[in-house]
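Reviewing the structure listed below.
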Amino acid sequence: MAGKIKVATTSLAGCFGCHMSFLDIDERILALAEIAEFDRSPLTDIKHCSDQVDIGLVEGGLCNAENVHTLREFRESCKILVAVGACAINGGLPAMRNHIPLQECLEESYLDAVGVENPQIPNDVELPLLLNKVHPIHEVVKVDYFLPGCPPSADVFWKFLTDLASGAEPSLPYELVHYD
Amino acid sequence: MTEHMLTIDGQRIPFTEGQTIIEAATAAGVYIPHLCHNPEFKPHGSCKLCTVKVNGRNCSACTFPAADGQEVLNNTQELNETRRTITQMLFIEGNHFCPSCEKSGNCQLQAVGYYLNMLDAHFPFFYPSREVDASHHEVMLDRDRCILCELCVRASRDVDGKNVFALSGRGINSHLIVNSTTGKLKDTDISVDDKAVHVCPVGAILIKRKGFEVPIGERIYDGQDIGQVSLEHEMPIVEEAEHGR
Amino acid sequence: MPCTPSDMKTVADIVARHDADPTRLVQILRDVQSTFRHIPAAIMDRLAAQLSIDRAQVQAVTEFYTFFSTEPRGRFDILISDSITDHMLGSREIAAYLCERLGVTPGQTRADGQVSVDFTSCTGMCEQGPAGLVNGYALTNLTRDRVERIVELVNDGTPVSQWPREFFVVKDNIHRADLVLGTKLQPGSALRWMFQRGLDSTLDEIAKSGLRGRGGAGFGTAMKWKFCREATGSTERFVVCNADEGEPGTFKDRVLLQSYAHQVFEGMTVCGAVIGARRGYLYLRGEYLYLHEPLNAVLAERRRAGLLGSNIIGRPDFEFDIEVRIGAGAYICGEESALIESMEGKRGVPRNRPPYPVTNGYLDQPTVVNNVETFAAAALIALKGGAWFSAAGTEKSKGTKILSIAGDCARPGIYEYPFGTTMAQILADCGGTGAMGLQIGGPSGIFIGAQEFERVLGFEDLPTGGSFMIFDQRRDVLEIVRNFTHFFAHESCGFCTPCRVGTSLLKNQLDKICAGHGGKADLAELTHISKLVRATSHCGLGQTAANPILSTLERFPEQYEQRLKAISFEPGFDLDGALEVARRMSGRDDAHAHLAQEA
Ligand SMILES: Cc1cc2nc3c(=O)[nH]c(=O)nc-3n(C[C@H](O)[C@H](O)[C@H](O)COP(=O)(O)O)c2cc1C
Ligand code: SF4
Ligand code: SF4
Ligand code: SF4
Ligand code: FES
C-alpha cells in the first residue's frame, strides 16, 4: 500500500469499551502506526474528520439527534465505515430501553423518580434530543463492515485492520466472532 | 437386507427406513444446522434453518423422510447464506442483547450465528414489546429471546405430560403462552426438573440463580463450534432411536 | 370482565349446543364472541374446564383468528373489506366517512361500547363492493347514503336482524355459464346413476373426466379419492369440502353455495360413497356466515328426501351426513392441513407433509379435501360421465373453470370458460378491454401485462383458483402490490421463520420504497428477501407471498425505479418523527430539535 491508511474513530451511544479494547492491542500499536495514521478520534482529540478518511470505526448506536449528525459526518468522510461492537450493530444495552415508551423514560428520570428536585424535562438547546428508540447505525447509514463483540477483542481490530491494509478482504475466523 | 443410501454433498450416507434426512446425516456424522429440531422430540419443521436441497428442491431436513437415491445438498455457500439470512431474521424479530444474557456462550442461536459467520443482523430491528415472566421461584421466562421453536411445548407435552406451554397469536404476533388462568408460570405445576425447563435452545427459559456460572472461555461454544457439539451430543441419541426402530 | 352466574349459564348452553365437543372449539368461540362481543378470560377458563382441554388451547385459538377478540368489540361490529377491488370502488373513503360519522377510530371500540369499525381481508363480494360485514353478516354496495342510514341504525340500536334487507342482498351475477353452471342437476340423480354404474366405475369416470382440483393446486381428483379409499389402518374416512375461499378476488364458491348447493352436496356424497366415508364437512369461511342457514336448510331438505343420513336412496348399506363448520377469519385455513387443524379446534397452522390428508387427515384419519367447485363438477361427472366433461378444455386441463371477475370492467361477475380460453377473449366478454394488467389467481398468483393477453387459462399456462382481477391505466401497480403484500403479512400464520418474519420485512421494505425513501440498494434488498421467502417457506402461503413483488418487478421494473431516490441510503423510519416525543416534552422546536430524512 502506498501511503498510510487514515483511520478515524468515534463513540456514539456506547460505553467507550470498544475503544478501550482497541487499545488492548498493546505493543502491536507500534506496528499499526507503521501502516495507519489516526485522524478524528477521541484517542487523538481531533474533533472533525479531514477530507477523506480511509476507515471510520464507529462505536455505539444512535440514541439522540447529535449521534445522527456525527454518524452522517463520518459516513460522508470515510471511504469504509465500520460498525464496531454490539451497540453499533444492534443498539446494545442502551436499546434495552426500546420497549419502554420514551415519554415514560423521561417522566421516570426527570419528573417522577424518587429524589428528583425541581422536576422538569431539560430543554437547553445545547442538549441533543433523544430519539424514540435507540437504533443501530446500519438503519441510518450504509455500513460496510461489522465487528461484533461487546467489546470486540483487540485481536478482532488487529485482524480486521491488517487484512484491510494488506489489501485482503477482511474476514474473521470462528474464534474471533462473538456477540458478547 | 439391502442397505438404503442417499448422498449428502456427494458423500454416500446409509439410512434406515423411517429416518428423516437429518437423522441419517447425524448418524453419519454430517452436521446440518438446525434450531427447532432436537432428536429427542417429534420433528417440527418451523425454523427452516435445516433447509437442504433434495434433488434440486428445498426441503426441511428435520421433517423430510430419507429415501433411496436422494441427492442432498447441505454445506453449500448458497444454503449457508440462506441459513444466515434466516438466523438474522430470528435475531431482529426478538430482542437479543447477548452481552447481558445468561445464556450467552451456551446459546444455540448465537452459536449458529457464529457457525454461519454472521457478523450483524442486517435487517432493521423490530424491537417488539414482549412480556417477561419472573413469577416462578425457580424458572424464568424471558420472551424477548424466544424463537418460537416449540421445543418447550413438545417437551412439556410429550415428556413431562404437563402442557405448560403453547404458542398463541398469529403471524409476527405469535408468542409463547403459559397454560394457567393468570398466564403466569407460578400458577402452573412446572418444576425445575422438568424436561421443558432444559430444552430451550436460547436464553428464553432459564433456571434462576444459575446465570453466568461458567466463566467465559469455558462455555459450550467458546472452544467448539455448534457442528461439533451437536454431533457429539445427538449422534448417540439418533443411534439409540435407530436400534429401537 | 367478571362473569355473572347468568353468563356462565349462557356459556354452558353454548357448550351443550355443541355437545361439549372440543373439535368444535372454533364454533363455540364464534358463539361466545357473538354473545359477549369478545372472549373474556373468565370464559376461557370455563370453556377449558367444560371441554376438558387446556386453557392455553382456548387462548391460543382465540388469539389466532381475527374474528375473535379479547377486548370487547362494539355491539355493532363493522368490518370493511380491504381487498384491492374494494379499494378501487372507494372502500377506504367509505370507511373514513363511516368512522367520521360514527365518531370511531378504526380498530377501536367507541367509548359507549355501541360500535367498532375495522378493516378485514377480502370478504368475497368484489363485484358488488365496497363491501363489509356487520356482526358477521355480509354488507354489499356500501354507498354514502347507505352509510348515513347505517349510522342511524347503529345509534338507534336497531338490531341487525331489523336492518333493511337490501343492505344484505348478495347477487350471483352469472354472466357466462358452461358445463358446471349450465347443467341442471336433479337432486339425487347423480347418486342413483352412481349406484347403477357401480362405485368403481364411477371413480373411473372421474378419472376419465381428467378433473383436477379447482382450489388452486390442481391435483387429480380421482387420484386423490383413490389414495384415500386405499389408505389402510383407519377407523373412519372423511370428506371435507373446502369452502374457505379466502384468496382475494375469488367469489365463485360463494355463488355455487348460494345457488348450486345441492350439486355441491351431491358431489360430496358421491365422494363419500366412493371412498367409504360416513361423515362429511363443509368448512365455510366466516365471511360467508349469511350462507350458514340456507346451507343447513338444503342439508335438511336432502335428509328429508333420503339423500343424506342413513339408508340413502333406499340403500341400507349407504350412510352419509354432512355438517357445516365455520371459520373465523384466517386465510391460511384454506390450506387443507391448516383447515383440518381448524376443524379439530386448533390454530390454523399447516402440518408437515408427508403424510398427506388422504392418509392422515381429520382426526388423523384418511380424508379427501376438495374445493367446492371440484365437488360441483364431480357430481355432474357422476351423472353424465367423464367424456362429457373432458370434451371441453385442453390436453392438460380438461373441462371448464369458473372465474370470479372483478376490477376495471363493465360487467364484473361470474364467468365459466373452457380451459384454453385466451385472456383477450375473457376481457372482451366482460368489457375489460382497457386493461393494463391482470392479476390471475389472486395475490398468490401472477400479475401479467397487456402484451400477454393471448395467454390462455389452464394449468399449463395461467392457472387460477378463480380470482381474476382487472386493472386499467389509472391504477398504480405498486399500490396493488402493496395491498397484496400487506395481505400476506397479515395472514401469515407465523409457524415458519421465513414467512413470519419475511412477510413483515417485505411489507416494510415495500412501504419504504413506495413512500419515496428507497434507494437502489433497497430494491436489491426487496428482491433478495422475496426470493428467500419464496424458496424456504413451509407452505403455499409463504411460497407465493412474494409473487406480487417478483412478477411485477419482472414486468414493470420502471415502476419501481421511478420511486427510487438517487441517494444511496435513507432510513426506513421517520427520523424527524422519532424526535417528536422529546420535542413535545421539552417544548423545543429550534433547529437542533429536527433531523432531515437524508443526510
Ligand atoms: C394459503 C392457501 C390457501 C388456500 N385456500 C384455499 C381455498 O380457499 N379454497 C380451496 O379450495 N383451496 C385452497 N387452497 C388449496 C388447498 O390447500 C387444497 O389444495 C385444495 O382445497 C384441494 O382441493 P382441490 O384438489 O379440489 O383443489 C389453499 C392453499 C393455500 C396454500
Ligand atoms: S438468547 Fe442467545 S442470541 Fe439471544 S440474547 Fe441470549 S445469547 Fe444472545
Ligand atoms: S421458550 Fe425456548 S424452547 Fe420454548 S419456544 Fe421459546 S425458544 Fe423455544
Ligand atoms: S409459510 Fe407462512 S402461512 Fe405457511 S406455515 Fe409458514 S408462516 Fe405459516
Ligand atoms: S431444524 Fe428443521 S425446520 Fe427447524
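Here, each number is a calculation from the coordinates, and none is a lab measurement. These numbers were taken from a predicted model, which means no experiment stands behind them. Note that we place each Cβ from the backbone using ideal geometry, even for glycine, and neighbour counts take in every protein chain shown.
A few notes on this one:
- Efficiency of FRET between C:T143 and C:A217 - r from beta-carbon atoms, R0 41 angstrom, step 0.05: 0.60
- Taking every lysine pair in the range C:176-390 that is 8 or more places apart or spans two chains, those with Cα atoms closer than 16 Å amount to 4.
- At R0 = 60 Å, FRET efficiency that the Cβ-Cβ distance of C:E71 and B:M5 yields, to 0.05: 0.55
- Helix-only CD estimate at 222 nm, as mean residue ellipticity for chain C, using -39500 (n - 2.57) per DSSP H run (n ≥ 4): -12500 deg cm²/dmol
- For the range B:101-228, the residue among B:I216, B:V112, B:H122 whose Cα projects farthest onto the positive side of the dipole built from Cβ charges is B:H122.
- For the range B:4-75, the relative contact order works out to 41 percent when only alpha carbon pairs closer than 8 Å and six or more residues apart are counted.
- Charge context of B:R130, other residues only, Cβ under 11 angstrom, K/R +1, D/E -1: -3
- Simple spin-label estimate for C:L363 and C:Q196 in nanometres, 7 Å along Cα-Cβ: 3.5 nm
- Antiparallel bridges, percent of DSSP beta bridges restricted to the protein assembly as shown (to nearest 5): 50 percent
- If the chain linking C:T105 and C:T232 were pulled fully straight, counting 0.36 nm for each residue of separation and taking away their Cα-Cα distance, it would gain 40.2 nm.
- The alpha-carbon positions of the range C:478-561 define a convex hull whose volume is 74 Å³ per residue.
- Charge dipole of the protein assembly as shown (Cα centre as origin; +1 on each Lys and Arg Cβ, -1 on each Asp and Glu Cβ, all else neutral): 3600 debye, rounded to the nearest 20.
- Paramagnetic reach from A:T162 in the range A:1-44 [backbone N under 15 Å; point 7 Å along Cα→Cβ]: A:24-36
- Mean ellipticity per residue at 222 nm, deg cm²/dmol - from DSSP H runs of n ≥ 4 across chain A, formula -39500 (n - 2.57): -8000 deg cm²/dmol
- With R₀ set to 45 Å, the beta-carbon distance separating B:N75 from A:I100 gives a calculated FRET efficiency near 0.60.
- In this simple spin-label approximation, A:S109 and B:S100 carry label points 7 Å from Cα along the Cα→Cβ vector, and these lie 1.4 nm apart.
- The range A:145-166 residues near the modelled A:D26 label - backbone nitrogen below 12 Å, point 7 Å along Cα→Cβ: A:154-155
- Percent RCO, i.e. relative contact order, over chain C, from Cα pairs under 8 Å lying at least 6 residues apart: 13 percent
- DSSP bridge analysis restricted to chain C gives an antiparallel fraction near 45%, rounded to the nearest 5.
- Short-range pairs are left out: with C-alpha atoms under 8 Å and at least six residues apart, the relative contact order of the range C:76-171 is 33 percent.
- Projecting the Cα atoms of C:L47, C:V240, A:N132 onto the dipole axis of the protein assembly as shown, where Lys and Arg carry +1 and Asp and Glu carry -1 at the beta carbon, places C:V240 farthest toward the positive end.
- Each of C:D472 and C:N296 was given a label point 7 Å from its Cα along the Cα-to-Cβ line. The distance between the two points is 4.4 nm.
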